Structures are given as C-alpha cells and as structure tokens.
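Beneath this line is the structure, given in structure tokens, with notes to follow.
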Amino acid sequence: MNDEKILLSHGAGGLKTQRLIREIFHKHLGNPCLQQELDAALIEVSTHKLAFSTDSFVAKPIFFPGGDIGKLAVCGTVNDLAVMGAKPLYLTLGLIIEEGLPIKTLEHLAYSIGQTAIKAKVQIVAGDTKVVEHGACDKIYINTSGVGSVPPELDISPRRMAPGDKIIVSGPVGNHGMAVLAAREGLNFSPPPVSDCACLNDLVDGVISGGASVKCMRDPTRGGLATALAELAEQSGLGIRVFEKDVPVDPAVKAACFMLGLDPLYMANEGRIVFIVESTDARDALQEIQKHYAGRGACIIGEVVGEHAGKVVMETELGTLRFLHMLEADPLPRIC
Amino acid sequence: MLKPRISEATVLDSLKKMDIGKTVRIMEVCGTHTRAIAKSGIKQLLPPCIELISGPGCPVCVTHQQDIEKVLQLALEPRVTIATFGDMMKVPGSTGSLREIRAGGADIRVVYSPIDAVSIARQNPDREVVFLAVGFETTAPAVAAAVLQAVQSNAKNFSILCMLKLIIPAMAALLNDPEIKADGFLCPGHVSAIIGTEPYSFIPEKYGKGCVVSGFEPEDILESIHLLAKQIKKEEYKVENQYTRGVRKEGNRTALALMEKFFEPHSVLWRGLGPIEKSGLKLKPHFAKYDAKEKFGISEVEAKPSRAECICDQILKGKKRPDQCPLFGRSCDPDSPQGPCMVSSEGTCAAEFYNA
C-alpha cells in the first residue's frame, strides 16, 4: 500500500476506505473503542463537568522542524482542554485529504498522531476520512475535537484574576510561528527555528496538583503572547503589566523576526501556556513548570495590575511603556 | 546579534544634561527606524527640546496611487501571477486591494525575496509572473539579482513592475521644501549599507544640516540622536556613521555594480512629495523585455483621490502627526487602512497605532 497515492475512492466509504482505516488508522491509533467501528464511540465518563473543544488545522507545510500537522492537531485540542483545567480523555479525528497525497505521507501523519496521543494519554475514539479532488484542499486538513474531565472544585477563569497575580509564560515565544514560516517560505536560517509544538496537559497537571493557586490559563496560539494577554486583560477588566526583559525569546527567533519586520510577541506558539497565578504561589508554580521538558524556559513575565483596566502595558528594556494590542491582521513581512 | 557600542543610560544622561538652547527637529527617513522608535518608546525618554518627526521612509507608503492602480490593473489580468512582498497586499485602490482581489480568485503570492518570484515563473511556465518591485536602494540589488537570474535561466515569463525609489533625491526634495523644518536627519542604516555614507555629504555642505547613519536597536537610535544633538548644538554639521558594524563609507560595491548594470534613474511620482527628478529606478532599455510596463503595455492610470480627510501626504513629509488625522484609529486601522501610512508595519500611522 505504501507506494500508492490517495484516490477519491479512498473516501467513498467502500472497501478502499475500510482498508485505509484498518491498515493505517487502526494500526497507529488503535484502541478497543475505535476498533469497534461503530457509527459513534460509546464512552463512559464519571465526571459531572466536561470540557469540550474543537479545532481545525490547515498548516502549510504539513511537516516542519519540531512537528507536523498530525502532532499539531493532537496538541492543539489537548492544550485547549488542558488550559481549562481539564484532564483530556478522548479525541475525534476528522481528515480531509487531497486526492494524490502519498499514502506513505498519510501513514507518517497517522503514526505521529498516534504517538502524540499516547504521550498525552488520550484516546482517539472516532474518526472520519473524506477525499477531495486534487486542488480542492492543500494536501490534508485535520479537525480534532476533544473532551476532558474537570475536577469539580477547579475554577479556571479570567474572572478570578486579581491585582498582584503573577503572569508566567512556560517558555520562549514565537518559535512555532517562525518555524512554520521559515519552512513554508524556504528561509534558510541556520540552525532552522524549531516549533515548540507539544502537549502540555502533564505540565498543567503538575502545577495544579502541586497546589499552586492557578487563576487562569491560556495557550497563546495564533496572535501570539501579546494577543493572549490582551484577551485576558479585556476579559478580566484588569490591567496587565509585563516586562520586555523578562519575556523569553530565543535569540534565533529574535534575529529572524528582526530581519522580516515581525514581532515575536505576535507569532504563534503551539507548546506554550500563559499562567495567571496567585502571587504567593508564583515561585512554586514556576519551579513546577520548569520540571517539565517543555517548561524549562519558563519565566515570570509580569503581573496583573489595578490600573490600565482592560489593557496590556509592556515596560520596554529602555524603561518606556508600550501598549500591546490584539493582533489586528496577519503579520506580513515587510519590504526592506 | 551584534549590539550597539554604548549603553542607553549614558546617552540619555548626557542628552538630558545637554543645553541645546532651542527645540531641535530630527527626521528619520527609514520605515524600520519609524517602527523601532515607536516600539521602543524612545520619544518618552527624550528631553522636550528634541522632537522626532517621521519622513518618507516606508516604501509602500510613498508608492504613488497611480502605481497602485497599475498594480491592481495587472493583477486582474487572467494570465498574470503577481509575486509581491507582504506589505503591498493591503494597500487600497479603486478596485480594492490585492488581498481583496486575491479573495476574488486572482493569483497573487507573497514572497520573501525577488528570487522566489523567478522560481515561481520557472515552476509555472504557462503563467506570466510579475514581481512588484517596491523599495529603496536596499531592495534594488536583490531585484537586480532576480532579473539577472531570469536572464541567465531565460525565464521569458518573468517580469518586474518597477517602482523602486532612491532616498537621496527624496531627501534633497525635502530640504528644498521651505515648509519642512528638520534640523538633522537619522539616515537609514540598511540603505546606507548599500550606498555608503558619501552620498549624504551634500546635506551638511549645501544645506547646513546634520546627518547620522543609524542602526536599528533602540540604543543605536539614541546614540545617533545624541550625535545629531551634539552637531546641532555646536553648529558643526557633518555626516557621521553610528552604524559602523553595518555600513562602510564606500557602501557595498558589488550591490551597486549590480544596480548599475540593470537600472537607470528616472523621474517618478512620490506619494506626498509629488514628482522628483531622477528619484526612481527603471530597467535599462536592454532589459526592456523584463519590464512589465513594456510587456503588458500598461498605460498611465488616473488615480482616484484617497478619502478627502486622509492626511497621509502631510504625514509623509513630517508636517502632521497621525493623531492629527480625523480618520486615525476611527475608520482607519491596520485591518482596513484608508491611507498608505496605515498599511505597512513601517508606516508612521501603523507604527503609532500598534505602539502608542
């Protein structure tokens, strides 16, 4: 099957579809629930509060340093659940595949999806495969939806933010956005920027079970750290003050952004979390985050303040103040 | 990344102690400086006697509406693929912007280097690929290199719509305008890396104004302002090079030779500044087949005037600030720009919008 390409008939629902599902998806994502091949997954949950999220992935290119669209699709939904304080349990997987995609590529992605799911301790319990004509989509689009159980006592919400709370970011920002941009545009940075794409439910679990009073969390994906902070300020009605010198940015990402006229604070992340933590617990929470492989570069970058209601203000390295707004439009590279 | 030579604390301390005796106006003529000044909040630190004003430094912003209309006309040609730097996508014209035209089905691609446009031409032999050559002396050598590659690979389906401009004639035009009162200039580091420092010498010699070629880190800009303030205080005007780690006196001879081989200066229209003699570059007649204007017989298009309230032309000359525009932040923002200064992240209005 490995030399073949995806044909429209692979999505027609007949024998070819069944073969594809069994030989690729059951092989790499297999679990008893999926293997029942029912019209819907039957799952038992013993929780009174569920978090439920969905996300679609259209990354170009589908492989980039640090990950691929499959890994991204699992991490994206797992992290959306994790920042709500949920323990991710089950995912669904919807694939829209362009006719002509090598089956080998699909298998590579299925393997990546399977491995990421194992690492994140989630099961993929339902799926769907559609094939569209060549040119109707770009190689492959993936949707994942997921549910997770939320402990009843946990209340994660911007409403709980209060002046004095500390803001922690779990690692250097902008790596994913720059890695994908460089891979897509063939920008030969050496070494190439590597995406931070990672499932962070373990990391979050470590912080929460460590006892830190976490008020709110956000995964700063599209729009970057600046947009995530601006949303938190707006939703809490409080001000946020961050210090430029404390915001971690890898030197290579900083240099690449400078060359292209882009701002790392607005570049996407796929393996970072912004934590808003009670001030007295901030040090402990930071140490807990830094224990995780994806949180080694975590830093306290600022605090929630009573002034500047609804706004984010950054103290620059020069000691001046700069407001950080939500991303207005796609970041576009400048001319010179 | 290379760092500037001295710390900002030393510079600021010295600037604050300096008694210049009058308000000095320093103009930057480089979009990257405009953006860096806005982003770092340098204006908040300067003593009140030093006023920074933005000049015509953003290549997208100074591209005349007539040229924008030509771009849009070309983009609507069914056989044409447009390759462009990202900044051009949102500039509004009478039939929309490139972004809107692309949503309507036109083939418009954002590239990061002019060379990428030649690759697109090679990969799509049945398409006519036109690169929108917008920029100053920094971009011109890269465009020349792309044309050279097209010549060498005989890419017959590649051409450029040349809207390249030269900063020195624009600075001369600013200096000849009695309404523009700049006491000194922060000269563009990237452009100077190509042209060197010599071409600015007419500014102190003929006009008695200071010039400092500056780098782009906040500390670079502060040091350059300090150097200019010292020139103005002593009334000893000269061309100084603060950006020694990037700029040599003679510039980049290889890049200059490449430009010289492919381009010749001609008079062009600048938004805000009007026609300026020998301030643009066009392909030499020998390379006319790579000139999209010749190839597609593009005629002069009458530009639809921008919204009457838009004061981009005044902003480009440093006569007005963005906050003096009635549209700024109301009906004009980076997502729906009414004028060019709001389009590029280097435009004065966008820099102010994002960072103020």
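The values are calculated or read from the model by the stated rules, or taken from the named source; none is laboratory data. Keep in mind it's a predicted model, so treat the numbers as computed, not measured. All Cβ positions, even for glycine, are placed from backbone atoms using ideal geometry, and neighbour counts span all protein chains on display. Heavy atoms of the whole protein, side chains included, go into the accessibility calculation; ligands, DNA and RNA do not. Shrake-Rupley method; radii C 1.70, N 1.55, O 1.52, S 1.80 Å.
Counting the residues of the stretch B:332-341 that are open to solvent by less than 10 Å² (accessible area, probe 1.4 Å) and touching a Phe, Trp or Tyr at 6+ places or on another chain (Cβ under 7 Å) gives 1. Picking from residues in the stretch B:31-45 that are under 23 Å from B:Gly272 (Cα atoms) and of a type in the set (S, T, N, Q), the one that is nearest to the other protein chains (Cβ to nearest Cβ) is B:Thr32.
Just a yes or no: is a residue in the stretch B:46-64 surrounded by fewer than 24 Cβ atoms within 10 Å (Cβ to Cβ), part of a helix (DSSP H, G or I) and more than 9 Å from chain A (Cβ to nearest Cβ)? There is no residue in the stretch B:46-64 that is surrounded by fewer than 24 Cβ atoms within 10 Å (Cβ to Cβ), part of a helix (DSSP H, G or I) and more than 9 Å from chain A (Cβ to nearest Cβ).
Screening B:Val129 on (1) of a type outside the set (D, E, K, R); (2) touching a Ser or Thr at 6+ places or on another chain (Cβ under 7 Å); (3) within 13 Å of chain A (Cβ to nearest Cβ) shows it passes everything except condition (3). Scanning the stretch B:127-146 for residues that are assigned to a helix (DSSP H, G or I), over 17 Å from B:Gly251 (Cα atoms) and open to solvent by 10 Å² or more (accessible area, probe 1.4 Å) yields a single hit, B:Ala145. Scanning the stretch A:275-293 for residues being open to solvent by 20 Å² or more (accessible area, probe 1.4 Å) and either among the basic types (Lys, Arg) or assigned to a strand (DSSP E or B) (or both) gives a total of 2. Scoring B:Leu174 on the criteria (1) assigned to a helix (DSSP H, G or I); (2) out of contact with any Leu (no Cβ under 9 Å at 6 or more places or on another chain) leaves a single failure, condition (2).
For the stretch B:246-269, the condition holds for no residue, the condition being that it is farther than 24 Å from B:Gly189 by Cα, touching a Phe, Trp or Tyr at 6+ places or on another chain (Cβ under 9 Å) and not in a helix (DSSP H, G or I).
Consider the stretch B:110-126 and keep the residues that are part of a helix (DSSP H, G or I), open to solvent by less than 10 Å² (accessible area, probe 1.4 Å) and within 14 Å of another protein chain (Cβ to nearest Cβ). The one that is farthest from B:Ser344 (Cα to Cα) is B:Val118. Can you name the residue in the stretch B:1-30 that is at pLDDT 90 or above and open to solvent by less than 20 Å² (accessible area, probe 1.4 Å) and, of all such residues, is nearest to the other protein chains (Cβ to nearest Cβ)? Going through the qualifying residues, I end up with B:Cys30.
Evaluate the following for B:Glu264: is it within 14 Å of chain A (Cβ to nearest Cβ) and either open to solvent by less than 20 Å² (accessible area, probe 1.4 Å) or modelled with pLDDT of 90 or more (or both)?
Numbers: within 14 Å of chain A (Cβ to nearest Cβ): no; either open to solvent by less than 20 Å² (accessible area, probe 1.4 Å) or modelled with pLDDT of 90 or more (or both): yes.
Considered against the rule, which asks whether it is within 14 Å of chain A (Cβ to nearest Cβ) and either open to solvent by less than 20 Å² (accessible area, probe 1.4 Å) or modelled with pLDDT of 90 or more (or both), B:Glu264 comes out as no.
Would you check if A:Val131 is within 20 Å of A:Ile273 (Cβ to Cβ), aliphatic (A, V, I, L, M) and either assigned to a strand (DSSP E or B) or modelled with pLDDT of 95 or more (or both)?
On the way: within 20 Å of A:Ile273 (Cβ to Cβ): no; aliphatic (A, V, I, L, M): yes; either assigned to a strand (DSSP E or B) or modelled with pLDDT of 95 or more (or both): yes.
When the stated conditions are applied, A:Val131 does not pass them.
Considering (1) of a type in the set (Asp, Glu); (2) open to solvent by 10 Å² or more (accessible area, probe 1.4 Å); (3) within 30 Å of B:Gln314 (Cα to Cα), the lone condition that B:Glu77 does not fulfil carries the number (3). Scanning the stretch A:241-255 for residues that are assigned to a strand (DSSP E or B) and open to solvent by less than 20 Å² (accessible area, probe 1.4 Å) returns a single hit, A:Val242. If you go through the stretch B:231-282 and pick out every residue that is within 17 Å of the chain's Cα centre (by Cα) and at positive phi, you end up with 3. A:Asp80 falls short on exactly one of the conditions (1) touching a residue at least 12 places away in the same chain (Cβ under 8 Å); (2) open to solvent by 50 Å² or more (accessible area, probe 1.4 Å), and that condition is (2). The residues of the stretch A:84-93 that are buried (at least 24 other Cβ atoms within 10 Å of the Cβ) and either without any contact (Cβ under 8 Å) to a residue 12 or more places away in the chain or outside any strand (DSSP E or B) (or both) amount to a single one, A:Ala86.
Kindly check whether there is at least one residue in the stretch A:322-332 that is modelled with pLDDT under 95, open to solvent by 50 Å² or more (accessible area, probe 1.4 Å), among the acidic types (Asp, Glu) and in contact with a helix residue (DSSP H, G or I) (Cβ under 7 Å, 6 or more places away or on another chain). The answer is no, given that none of the residues of the stretch A:322-332 is modelled with pLDDT under 95, open to solvent by 50 Å² or more (accessible area, probe 1.4 Å), among the acidic types (Asp, Glu) and in contact with a helix residue (DSSP H, G or I) (Cβ under 7 Å, 6 or more places away or on another chain). With respect to (1) within 14 Å of chain A (Cβ to nearest Cβ); (2) in contact (Cβ under 8 Å) with a residue 60 or more places away in the chain; (3) of a type in the set (Phe, Trp, Tyr), the lone exception for B:Trp270 is condition (1). Residues that are more than 14 Å from chain A (Cβ to nearest Cβ), in a loop (DSSP other than H, G, I, E, B) and under 17 Å from the mean Cα position of the chain (by Cα) within the stretch B:315-356 comprise B:Lys317, B:Gly318, B:Gly339, listed in sequence order. Is it the case, given these coordinates, that A:Ile289 is closer than 30 Å to A:Leu187 by Cβ and either hydroxyl-bearing (Ser, Thr, Tyr) or at pLDDT 95 or above (or both)? Considered against the rule, which asks whether it is closer than 30 Å to A:Leu187 by Cβ and either hydroxyl-bearing (Ser, Thr, Tyr) or at pLDDT 95 or above (or both), A:Ile289 comes out as no.
The single condition from (1) out of contact with any Leu (no Cβ under 8 Å at 6 or more places or on another chain); (2) open to solvent by 20 Å² or more (accessible area, probe 1.4 Å) that A:Val204 fails is (2). Scanning the stretch B:87-109 for residues that are basic (Lys, Arg) and buried (at least 21 other Cβ atoms within 10 Å of the Cβ) yields a single hit, B:Lys90. Applying the criterion of being modelled with pLDDT of 90 or more and outside any loop (DSSP other than H, G, I, E, B) to the residues of the stretch A:256-274, the residue that is farthest from the other protein chains (Cβ to nearest Cβ) is A:Val274.
With the requirement that a residue be surrounded by fewer than 17 Cβ atoms within 10 Å (Cβ to Cβ) and assigned to a loop (DSSP other than H, G, I, E, B), what does the stretch B:181-216 give you? Of everything in the stretch B:181-216, those that are surrounded by fewer than 17 Cβ atoms within 10 Å (Cβ to Cβ) and assigned to a loop (DSSP other than H, G, I, E, B) turn out to be B:Lys181, B:Ser201, B:Gly208. Every listed requirement among (1) out of contact with any strand residue (DSSP E or B) (no Cβ under 8 Å at 6 or more places or on another chain); (2) part of a helix (DSSP H, G or I) is met by A:Ala233 save one, (1). Scan the stretch B:93-105 and tell me whether some residue there is assigned to a loop (DSSP other than H, G, I, E, B) and within 21 Å of the chain's Cα centre (by Cα). Looking for residues that are assigned to a loop (DSSP other than H, G, I, E, B) and within 21 Å of the chain's Cα centre (by Cα), one finds at least one in the stretch B:93-105, hence yes.
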